[in-house]
Each structure stands twice: as structure tokens, then as C-alpha cells.
Amino acid sequence: MNSAAIASHENYLSSGWNWGSWLTTLDHKRIGILYTVTITLLFGIGGAAAAMIRLDLLTPHSQLVSIETYNKLFTMHGVIMVWFFLIPSIPATLGNFLVPMMVGARDLAFPRLNLASWYLFVGGGLFTIYALLAGGVDTGWTFYAPYSTTFSSSHVFAAATGVFIAGFSSILTGLNFVVTIHEMRAPGMTWFRLPLFIWSMYATSLILVLATPVLAMTLMLMAIERTFGIGVFDPALGGDPLLFQHLFWFYSHPAVYIMVVPAMGVASEIVTCFCRNPVFGYRFMAYAILAIAAFGFLVWGHHMFVSGQSAYAGTVFSLLTFLVSVPSAIKVFNWTATLYKGHVSFQAPMLYALGFVGLFTIGGLTGLFLASLGLDVQLHDTYFVVAHFHYVMVGGAVMAFFGGIHFWWPKITGRMYPEGWARFTAILTFIGFNLTFFPQFILGYLGMPRRYPEYPPEFQVWNVLSSAGASLLAFGYVLPLIYLLWSLRYGARAPANPWNAKGLEWETASPPPTENFHTTPVVTEEAYAYSRAESPHG
Amino acid sequence: MANGDASVAAQFDDAEQQRTASNLGIWIFLATEILFFGVLFAAYAITRVRFPEAFAAGSRLTNLPLAGTNTAVLVTSSLTMALGVHAARRGARRALVGWLGLTVALGCAFLAIKAVEYRFDYLEHLVPSLDFRYAGPQADQVELFFYLYFFITGVHALHVLIGIGCLATIAVMASRNAFSAAYFTPVDVTGLYWHLVDVIWLFVFPILYLISRS
């Protein structure tokens, strides 16, 4: 044995490094990395579309692109960001990497299904990119009938096929996680010792499994209707367009929780680690996650308050929507209470996590405005809605995604990221985000409708502010790409547990060996048994 | 490898963990299938509530003798499947291969009868969009019924086809002695899928063929 082999321990990255070893890998950690690379590319495409939109909106008249192109830009932005970035973002990358390690298993229950899910995802992505290159789609990400089924002359079929295929990757990932969490926990890892990230993955997986099939079949009905000119959605053919909206939102509202529940899990892990306090009200946090997932299935009608659904249905959906805020508020209060009297330190992951808590709170509270029947008539389809869901999905989910990437980067790669740059970027992202989206609340309140490339001149100042913020935000997303890639080669070598964090993933080497643990761990303590004596610096 | 047993995958501690994981996995998958078909049942329900007479008229044009025969064929195939799982549990290899082969044959018979039925539908000009002729009132709505008829039975037939492929695969595996009384999870899991496809047909059959047959 030569000295080089001893110097760096055998790990999942060192065991074979060629195309074949990556593209046929059954290792959940490598599949997580395959997903990370894939969604980063797709995020780039979706982000470029957003940049074009914000550039075009600098002036009241659409000077950069034609109106048709504008429609295609916001559609591709929505389709790619929702299905090819946000839905898989945390579950398929960090979830894939962490779920088996956090429960103390060697891999997910079905490694081949896991690899298949990545190939399905890539296949779906290619269809969607084809739709983009062939000329784009202009229906909006919601594919509302009868526009999608009958009138649009763009590449609806290819885009819907892409989303349909990617849906199966969601289903397989969810199925794999549920089975793994149920069946493969290490000795002593009881349900109420599970990290909250695992609880969030469990709740997310249930939504993935139970909601995605509905979207898949609905898109199939839509695509067949488009192809054969007969179907159940277009009123001219005897169909019912509200049926499409009901089916679409039956998936797409829970899908919002697919995006934000994992973010809550990430925030819980980070907040508790960087304030050295156990999570306040652990059981309530676990129950709240499940409650959010369950209530999430019963509120889809709040997207249809002005679509002609009955007033009774609207009232019930409004009430149920208000109920979702209860478990969401429990989570925000408990994160805050976790910080209380904590030994708080502000490393980059913590900055992202605190940003998440603040922005998610604004996103959640403005959701209550929209859940109010009367107010929604004014605010529906305005920039208020756009700002609201970007606060939840970008301010919430994407901030937490970046926080999680930084937090577990040492574990995933075996290298430390540059802390100073990362803190700077976290703060830049927070400022850029607020500058981009807060003006949109005001624009929406003033009555600017979404999806229009032109607006009255008095709205220009808010749009310029928003576009300026978007350019800061772009830096906030490009910088980590640069310094994280830099750290792969030049970063300091990471110890097994750089944050002095609790959790099984920190008990194995960085990067972990292929089988995660050399011997199956035995869990003897509750989750988050932090004490203030140990600092996160290690 | 943490375990010495060749039939236990590396990520599992023992055969029991692998068995319960596979069982939970297939039950979750069956739940997704129910939601998948649930969309079609919802679309059917909404449309039928709006056009009850047209749906009754359309239903009377479907081929009840063939569909009735098919129902019997599929239910029988569920019986042979259950007997196959029973044989697997006893470790009776030849009986297992026999029952699986019979189940595949019945599945193929179902598809063959369905194909004949589609041909009759075509000859009677009942194919929406391509060749649909109907002289009575509410012709467009009757066409909508046949659209759902073809869609639902088509998606179901696709599931039967996939089931036949899985059953044929495990029949070959069984003939090569891949299973024993201690390990027959693939048989069990495929059996559950096959039963679900059967159960879905038991809902599809009355709502398409038996609306108004008195």
C-alpha cells in the first residue's frame, strides 16, 4: 500500500471516477450529486428567462421582446422553475444525500428506482428544453384549458410531456423516501428521535406520491384533448374548464408544500445547530409538518375564487386556507423560541436560515390576504400574488436550499467553502431578494396585473426597483457557483463534523464512505441534544 | 456487504427488512395508481352528471357480451394469481410456474377480447374524433362518452399489458428456481399489482357498460 492511498481515506467520491461509474451509480450520494448538477443547469435556464422578463419590464412599453415572446418567457420561467428546480431542489439533492445517512442506513430502500428517477427527470427536462428550442410555450405554467387544449399554437404537447415524465421521477423519489424512513432506521432511531429534516422529507414524500399522479393524468387528458380535438375541458366540446383547474390545483397547491416543507426541515437543522439549543417543541414541529402536508390537500380552491366556483366552495376553501397558517405559525414561533437564550453564531448557513424564517413569514402572512375572499377579488392575478409566492418559494425554499448546500457542503465534498464570501452572498441575496419582490407587493396593490409586458408609466419606478434587485439577486446566485466550485480544489479539508452538529450524518467521515457507516450506528439520545458549552467552530 | 444472503440486497440488514420494505413500496405505488385513475373517474363523474341521457345512450351502444366475458376472464385471472402466490408460499415451484402461466394466458385473452371489442366499436363508427357517427340526439355528448370510454379502457388495457410483462418475467424467474418458500417477494408484489388492475376494472365495467341496461 502506498502512502497516497493512506493520506485520503476511501470514500464515495474516490471509488471510481469516470462517466460509467457516475451514470450507472446506485449510490444515493452520487445520485444526489447528479441531481444537483442537473437542476443547477435548469435553474440557469429558468433564471435567464426571469432576467429577460425583468429587463423587459424596465420600461412601460415592451421594447426588448415581442408580446408573444414575453408570454413564452414567463411560461418557460414558471415551468422550469416549478417542475425542474423547486420540486426536486431540496428532496432530490440534499434529501437523496441525507435521508439514508440521517436514519443510519447504507442506502435508500430501492437504489435502482432512485437512479431510474434521475433518468426520468433528465428525460422530462430534455422534452421541456426541446419545447423551448422548438419555439416555446405560451400558456403560462398552469396550462389552463381551453387555451392549452384548443387555442395555443405553441409547443404545449412537448412541454406537457416533459412535465408528465418528470412527474414519475417525483413519485419514485417520494416512494423511496417513505419506505426508507419507515423500514430502514438504525437501532434506537425511533420516530420521535428523527431529525426534523427527515420529518419534512416524509411529509413531502407523501405529497409527492399522492398528488403527482393527479397532475400526470390531468396533463395527459389535456394533451389528448389537444391532439384529437375532443375532451372534457373545452366548453365548446361540452367540457368543463373548471374541471381542469380543480384537477390542476389539486396537485399544484400541495406542490407548493413540496417546495417549502423541505425548506422548513433544512431551517430547523441549521437554526438549532448555530444557536446550540435543542429545537423548541420538537414534537409540535413534527406534528406541524404533517398537519401542513394534510391541510395542503384541502385548500386548492383558493386559486379559483374568481373562476366561477360557488360561493359556498369559496368560503370553505378560504376557511381551510386560514387553518394552514396555524401549523405554519407554530413552526415560525418555534424557530424563534429555539433562538431564545441560545449561543447564536452567524455562519453563512445560519444567515440563510434566518433569512428564510423572515421571508417565509412575510410570504405566509401575505397568503392570508389572498385567502380572504373579498380581498382576493382585488388582488387576484396581480403582482401581489407574484410577490407572495416568490416570498414563499424563492425567499423561503431557495434561501433554505442555499443554506442547506452550505451547511452540508463539507460533508458532501470534504471541503470547506470560503466563509467570508458565503456570508457576503447570503446578505446580498437577502437584500437583492427584498428589493426585487417587495416593490411587487406595492405594484399588485396598485393594480398591476401579472403576465403583462406593458404597464402605465406611473408604475415604472417600482418596476425599475424590482429589476435592480433582480440584478443583485443574480449575483447572489452566481457567486456561490463560483466559490463552491473553487472550494472543491482549494477549500480547506473538512473535518467529519465542522459545526459540532448533532445527527448521524456528522458521525461519519467527510466525505462519507460508500456504505455511509463502517458499522451500523446505534442511536442512544434524542435529536438535537445540543449544549451551549460546545461552539459550532469545533 | 453487511449480510451474507445472496437474495438480500446490500442496503438491507436481513430478508425480513427487505420483504417489509418491498411490501410497503408496492402499497404506496398502488395508492398512486388509484389517484391516477381517480382523475379519470372524476372527469367521468362530472361529465356524466351534466349529460346523463347521453351517457345512458352511449352506454347502450357498448358491447356487453364481450365486456361481460372479459370481466369473468379478469376475475378468474385474479384467482389464478392468488393460487400462484399460495404456491410460492408453499415453495411449490411447478405449481407456481403453472399458475403464473395461466394468469398470463388469461391476461392475454383479456387484451385479445378487448381488441375484438374495439374493432366492433370501429365498425359501428363509435371512435371519437376519427370516425364517429351517431344519428340520435346529443351526438356530441355521446361522442364525449365514447372519448372517456376509450381513454379509460385504454389506460386500463395498458396496465394489463404491463402486468402481463411483469408476470411473464417472474414466471421465467420462477422456472429458473429464483424463488423459495423463504423468498418470493416479487411474486407477492406483482400479485398485488395484478389484483389492483382487476379491482379497477370492476369499477370501470359498471360505469361504462351498465348505466342503462334494464
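We did not get these values from a lab; they are worked out from the coordinates using the rules stated. In this text, all values refer to a predicted model and were calculated from it rather than measured experimentally. In this analysis, Cβ positions are derived from the backbone assuming ideal geometry, glycine residues included, and neighbour counts consider all displayed protein chains.
Within the range B:141-157, which residues have the backbone N less than 13 Å from the label spot 7 Å out from B:Leu61 along Cα→beta-carbon, could you tell me? Under 13 Å, as judged by backbone N against the label point of B:Leu61, lie B:141-150 of the range B:141-157. Here the residues A:Leu373, A:Leu473, ranked from fewest to most Cβ neighbours within 10 Å of their Cβ, fall in the order A:Leu373, A:Leu473. Does chain B come out rounded, prolate or oblate by the C-alpha gyration tensor, with a ≥ b ≥ c the root eigenvalues, rounded set by a/c under 1.5 and, if not, prolate when a/b is larger than b/c and oblate if not? Prolate.
Let me confirm one metric for peptide B:19-27, namely the mean number of other chain beta-carbon atoms within 10 Å of its residues' beta-carbons. Per residue, the number of nearby Cβ atoms from other chains is 5 on average.
Of A:His182, A:His253, how do they rank once you tally other Cβ atoms within 10 Å and put the fewest first? Don't skip to the answer; put the middle values down first.
Numbers: A:His182 17, A:His253 22.
Fewest-to-most ranking of A:His182, A:His253: A:His182, A:His253.
Rounded if a/c is under 1.5, else prolate if a/b beats b/c, else oblate: with a ≥ b ≥ c from the C-alpha gyration tensor eigenvalues square-rooted, which is the range B:1-84? Oblate shape, in that a/c is at least 1.5 and b/c is the bigger or equal ratio. Enter the Cα centre distance for the pair the range B:99-152 and the range A:207-265, rounded to the nearest angstrom. About 25 Å separates the Cα centre of the range B:99-152 from the one of the range A:207-265. Note on A:Val37 and A:Leu133: their simple-model spin labels are 1.9 nm apart, each label 7 Å out from Cα toward Cβ. Ordering A:Val99, A:Pro480, A:Phe43 by Cα displacement along the dipole of the protein assembly as shown toward the positive end leaves A:Val99 in first place; charges were set at the Cβ atoms of Lys, Arg (+1) and Asp, Glu (-1).
So if each residue of separation counts as 0.36 nm, and I subtract the Cα-Cα distance between B:Glu16 and B:Ala31, what length gain in nm does that give?
Length gained between B:Glu16 and B:Ala31: 3.1 nm.
First check a/c for the protein assembly as shown, with a ≥ b ≥ c the square roots of the eigenvalues of its C-alpha gyration tensor; if it is under 1.5, answer rounded, and if not, answer prolate when a/b is larger than b/c or oblate otherwise. Because a/c hits 1.5 or more and a/b fails to exceed b/c, the protein assembly as shown counts as oblate. Each stretch of four or more DSSP H residues adds -39500 (n - 2.57); spread over every residue of chain B, this sum gives -28000 deg cm²/dmol at 222 nm.
Report, in debye and to the nearest 20, how large the dipole of the protein assembly as shown comes out about its Cα centre when Lys and Arg carry +1 and Asp and Glu carry -1 on their Cβ.
The calculated dipole for the protein assembly as shown is roughly 1000 debye.
Each Cα pair under 8 Å and six or more residues apart adds its sequence gap; the mean of these over the residue count of chain A is a relative contact order of 18 percent. Rounded to the nearest 20 debye, the dipole size of the range B:15-209 about its Cα centre is 680 debye, using +1 on the Cβ of Lys and Arg and -1 on the Cβ of Asp and Glu.
Compute the helix-to-body angle for A:28-56: its Cα long axis versus the longest principal axis of chain A, expressed 0 to 90° and rounded to tens. Roughly 40 degrees between the two axes.
Annotation: amide H of A:Tyr12 within the under-5 Å range of A:Thr514, sequence separation 5 or more or interchain, hydrogens built in the peptide plane. Against chain A, whose longest principal axis comes from its Cα atoms, helix A:196-228 is set at around 30 degrees.
Between A:Val464 and A:Tyr445, the simple label model (points 7 Å from Cα in the Cβ direction) yields a spacing of 2.1 nm.
Excluding same-chain neighbours fewer than eight residues apart, the aspartates and glutamates reachable from A:Lys341 by a Cα-Cα span under 18 Å are A:Glu269, A:Glu534. Against chain A, whose longest principal axis comes from its Cα atoms, helix A:419-446 is set at around 20 degrees.
For chain A, the mean residue ellipticity at 222 nm estimated from helices alone is -21500 deg cm²/dmol, where every DSSP H run of n ≥ 4 contributes -39500 (n - 2.57) and the total is divided by all residues, rounded to the nearest 500. Mind giving me the FRET efficiency for A:Gln378 and A:Leu242? R0 is 30 Å, r the Cβ-Cβ distance, nearest 0.05 is fine. In this case the efficiency is close to 0.85.
Using Cβ counts within 10 Å as a stand-in for footprinting exposure, how do A:Thr128, B:Thr76 rank, fewest first?
Listing A:Thr128, B:Thr76 from fewest to most nearby Cβ atoms yields B:Thr76, A:Thr128.
Note on chain B: with a GNM built from Cα contacts shorter than 10 Å, the maximum mean-square fluctuation among B:His159, B:His86, B:His125 falls on B:His125.
Residues whose amide H comes within less than 5 Å of that of A:Arg415, counting only those at least five positions distant or on another chain, are A:Ala494 (H built at 1.01 Å from N in the peptide plane). Projecting the Cα atoms of B:Ser180, B:His156, B:Ile46 onto the charge dipole of the range B:15-209, computed from C-beta unit charges around the Cα centre, puts B:Ser180 farthest toward the positive end. In the protein assembly as shown, taking the dipole from charged Cβ atoms about the Cα centre, the farthest positive-side position among A:Ser152, A:Ile412, A:Ile431 is held by A:Ile412. Note on A:Lys411: lysines with a C-alpha under 19 Å away, same-chain residues under 8 apart excluded, are A:Lys29, A:Lys502.
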